Structure formats: C-alpha cells, structure tokens
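Single-structure report; data block below.
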Amino acid sequence: MAAPPDTEPSSALSLELLPTDPLLLILSFLDYRDLVSCCYLNQRLNQLSSHDPLWKRHCKKYWLISEEEKNRRNQSWKAIFTSTYSDLGRYIHYYATLKKAWDDLEKYLGQWCPRMISSLKESAREEDLDAVEAQIRCKLPDDYRCSFRIHNGQKLVVPGLMGSMALSNHYRSEDLLDIDTAAGGFQQRLGLKQCLPLTFCIHTGLSQYMALESVEGRNKYEIFYQCPDQTARKPSAIVMFITGTSYLEWFTSYVNKVVTGGYPIIRDQIFRYVHDKKCVATTEDITVSVSTSFLPELSSVHPPHYFFTYRIRIEMSKDALPEKTCQLDSRYWRITNAKGDVDEVQGPGVVGEFPIIGPGKVYEYTSCTTFSTTSGYMEGYYTFHCLYYKDRFFNVTIPRFHMVCPAFKVSTA
C-alpha cells in the first residue's frame with residue numbers, strides 16, 4: 001500500500017481562542033460538581049465557571065433560592081450556593097424535596113389550619129443532631145436530619161401535625177416529635193431495639209417508630225406502628241404495621257396527601273380519612289360518598305382483629321326541588337370479609353340520628369367496623385321518606401367501599 005502523502009500538521013485549537021458565549025452555554029449544562037472541577041483546569045475556565053448566572057440554576061435546583069431571596073441577601077448566586085453548601089451540603093440530594101414539602105405544608109396550614117403553624121419549631125442545629133447521635137449511639141439518616149434542619153418537629157400540642165382520628169369514645173392526634181423528645185423515647189428493649197419514635201399521641205400513647213438498624217426482622221429506616229402480639233408469652237413479641245420505607249418517602253407522601261386535599265380538614269385538624277374517588281353513588285338527587293381509615297391502635301394481628309372507621313357524606317343536589325326534601329329512616333348493610341363470609345345489618349337511622357336532607361344540604365357521620373381478615377368491604381342502602389309526600393319511600397344506594405389493612409410483619413425478637 002502506498003504511503004499517504006505528506007500533509008501540513010494543523011495548528012492546535014487553543015481554548016483561549018474559543019469565543020466566550022458558546023463556552024458559557026456548554027458550562028450551563030454541567031452539574032455543580034463539574035462546574036467546580038472546571039475552576040482547577042486553567043485560568044480561562046476558572047474565570048468562565050465563576051460567571052454568576054451559571055450558579056442561578058443550581059441555587060434554584062438544590063436550595064430553592066428565589067430572586068427575592070437573592071436580593072434580600074444581597075449576594076451573588078455563586079456566593080449563595082457556596083455558603084449554603086458549606087452548611088447543608090451533606091443534604092444536597094434531599095434538601096429541595098423536603099424544603100418544598102415543608103413550604104407547601106406551611107402554605108396549606110396557613111389557609112386551613114392556622115393555629116397549627118404556631119406549634120412548628122424552628123430548625124435544629126447541626127450540632128444538636130450530632131449530640132443526639134452521640135446520645136443514642138446510632139446514626140440518624142440524612143433525610144431525617146435534613147428535615148429537622150428545616151423544622152425541628154413541633155411542640156406537644158393538640159392537634160398534631162401528623163393527623164387526627166376521632167370516634168365517639170376514641171381520639172388520636174399525632175405530633176411530629178422534636179429531636180430531643182424523640183431521643184428521649186429511643187428504644188433499646190427487645191421488640192423495639194434501636195427504634196426512634198417519630199410521632200406521639202398524648203391521648204393514646206401511640207407512636208410511629210423508625211428503625212435505625214436492620215434488627216429484629218426490620219429493614220433499616222423502615223417506619224411502622226407497633227402492635228403487641230396478644231397471643232405470645234413474651235411481651236417483647238410485636239407486630240409492625242408498615243407506614244413507610246424511609247423518612248423522605250413517609251413525610252413527603254403524607255404532605256402530598258394533605259396539600260392535595262386527600263385528607264379532610266375537620267374542626268381545624270387534619271383527619272386521615274382516605275377517599276376513593278370511585279366510591280360515590282348517586283340516587284336521584286342524593287349522592288353518597290365514603291372515606292375510610294385503618295386504626296392500628298385498636299387492631300391486632302394475633303388474634304386477628306382489624307379495626308376500620310369510615311366517614312359517610314350524604315348530599316342533596318342544590319338544584320333539587322324543595323319538595324324533594326326527605327328524612328332518613330333506616331339503613332341496610334351487607335358486610336363481606338376476605339373469606340367471603342357475609343353479615344347483614346339493618347336498623348333505624350344512623351348513629352342514633354334521623355337526618356333531614358334538603359336541596360344543597362349535607363349530612364356527614366362517622367362509624368366503624370372490624371374484620372377478622374385483613375380486608376373486607378361494605379355496601380348497602382338508606383331508606384328515606386319524602387316530607388312533602390309522606391307515603392313515598394325510596395332507597396338510596398351506598399357504594400361498595402373496601403378496607404385493607406396495611407402491610408405488616410412480625411418482629412423476630
């Protein structure tokens with residue numbers, strides 16, 4: 001094969017000769033770590049990577065810094081990023097998600113539950129979190145620490161930030177514990193070894209715990225309600241109703257449910273009833289919808305006893321004619337458990353009342369049921385009579401609604 005002809009070597013393209021604007025555009029696609037690395041390559045890149053607008057995106061992405069906040073602080077974008085990173089750098093993968101959740105929650109509470117805002121505590125310091133780790137001799141997960149750098153839980157007050165539940169003779173309201181109170185409840189006893197309480201209800205003593213180590217059958221950072229095994233001989237035997245796989249997932253999913261209206265606000269409190277949008281039935285001008293909740297503090301796995309509460313909303317259309325006004329006389333329930341066993345219940349009124357429903361009027365009530373299986377469903381109808389035509393009776397459908405116990409596991413202690 002013939003040798004290639006001699007060619008003149010092309011002159012190397014120097015970085016110094018490249019125009020500034022294309023280089024800045026390229027740098028704008030780099031993550032903050034690569035942008036920092038560019039500072040050490042040469043003088044030109046050091047100068048370009050310090051171009052302040054490049055850091056605006058990172059400040060907004062990782063620290064949620066707004067233009068108003070920048071102007072208030074009177075610092076450059078790079079200075080803000082650097083100073084914030086020096087304080088919160090270890091939380092950079094969690095901070096924006098948790099800060100947005102807290103901001104959304106505060107905005108929502110300010111509108112619907114304003115008195116709850118005053119119960120939130122200011123941020124914990126880094127040294128406070130380090131001191132707790134030294135006290136309990138366990139590492140706290142970074143997502144938990146990050147959340148407490150934003151708000152150090154809340155005061156022990158009612159209502160609790162993490163939701164309420166009320167029946168005629170039972171009330172629960174869970175506070176999000178501050179770091180010192182949580183550390184005081186850190187468990188080392190069998191059944192709850194190396195578990196940190198996240199919440200506490202002063203009425204029932206109920207807590208949700210986070211496992212700080214993978215012991216006694218738990219996954220590390222799993223969050224759960226404890227449930228004593230009533231059939232075991234050892235008091236350390238417990239069953240755990242799982243409520244989260246990590247603090248980040250547990251807290252942000254709860255906040256999302258709150259701020260999107262997934263939980264109703266009743267008497268300035270967040271009630272943890274879940275409404276299935278398909279669980280609605282309309283008969284003539286009357287609509288019935290149902291929301292449900294599982295109560296771990298009244299349930300047990302051994303023996304099997306799963307306690308659920310449900311909230312019924314009965315509403316007549318505001319466009320209905322006045323002569324459609326009617327009164328509820330009786331109820332009929334068909335209750336089916338996971339084995340297919342059926343119970344039928346029929347009786348006068350609802351919770352001892354005989355509500356009158358007219359155009360635009362709403363009646364709501366709460367009741368409960370138990371299953372010997374982990375799931376079941378209810379359906380039925382109400383019988384009404386017209387007030388204007390007293391000899392007219394009709395049935396209003398109650399949609400089928402399902403109740404399912406959360407996942408659980410048995411402690412190996």
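The values are calculated or read from the model by the stated rules, or taken from the named source; none is laboratory data. Since this is a predicted model, take the numbers as computed values, not measurements. FYI the Cβ positions are ideal-geometry reconstructions off the backbone, even for glycines, and counts take in every protein chain you see. Just the protein is used for accessible areas: all its heavy atoms, side chains included, with ligands, DNA and RNA removed. Shrake-Rupley method; radii C 1.70, N 1.55, O 1.52, S 1.80 Å.
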In percent, how large is the relative contact order of the chain, given Cα pairs closer than 8 Å and 6 or more residues apart? 11
Which loop GluC sites (Glu not before Pro) in segment 96-146, with loop taken from DSSP, have no more than 14 other Cβ atoms within 10 angstrom of their Cβ? 122
Filter 257/409; 107/220; 56/139; 70/139; 155/234; 56/220 down to the pairs with a C-alpha to C-alpha distance above 29 Å, please. 107/220; 56/139; 70/139; 155/234; 56/220
Percent of Cα-Cα pairs per 10 Å bin, from 0 to the last occupied bin, for segment 96-260, please list those. 10, 39, 37, 13, 2
Order by accessible surface, 1.4 Å probe, largest leading, for residues 173, 289, 168, 83 comes to 168, 83, 289, 173
Where trypsin sites (Lys or Arg not before Pro) fall in DSSP loop in segment 156-233, at most 11 other Cβ within 10 Å: 189, 233
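So with the 1.4 Å probe, I'd like the accessible area per residue for segment 20-90, rounded to whole Å².
Value for segment 20-90: 60 Å² per residue.
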Segment 273-405: relative contact order as a whole-number percent, Cα under 8 Å and 6+ apart: 29
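Run through segment 368-402 and list the chymotrypsin sites (Phe, Trp or Tyr not before Pro) located in a DSSP loop whose Cβ has at most 12 other Cβ atoms within 10 Å. Intermediate results must be reported in sequence, preceding the final value.
Working: sites: 371, 377, 381, 382, 384, 388, 389, 393, 394, 401; in loops: 388, 389.
Passing sites in segment 368-402 are 388, 389.
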The chain: D in µm²/s via Stokes-Einstein (Kirkwood Rh, Cα pairs, 4 °C, 1.567 mPa s)? 50
Principal axes of segment 182-313: Cα extent on each, largest first, Å: 58, 33, 26
Once residue 157 and residue 265 are pulled to full extension, the length gained, defined as 0.36 nm per residue separation minus their Cα-Cα distance, is 37.2 nm
Let me check something: with ligands and nucleic acids excluded, how do 229, 391 order by accessible area (1.4 Å probe), largest to smallest? 391, 229
Could you give the length gained by full extension between residue 37 and residue 67, i.e. 0.36 nm per residue of separation minus their alpha carbon distance, to one decimal place? 8.2 nm
Distance in Å, no decimals, from the C-alpha centre of segment 286-325 to the one of segment 339-383 is 7
Run the accessible area of the chain with a 1.4 Å probe and give the carbon-and-sulfur part as a rounded percent. 52
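Could you state the accessible area per residue of segment 335-410 in Å², with a 1.4 Å probe and every protein chain left in place?
Per residue, segment 335-410 has an accessible area of 54 Å².
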Starting from the Cα gyration tensor of segment 273-405, multiply each eigenvalue by 5, take the square root, and state the resulting semi-axes largest first in whole Å. 30, 14, 12
In this structure, the FRET efficiency calculated for residue 46 and residue 214 from their beta-carbon separation, with R0 = 45 Å, to the nearest 0.05, is 0.50
Surface accessible to a 1.4 Å probe, residue 403 within the full protein complex, Å²: 0
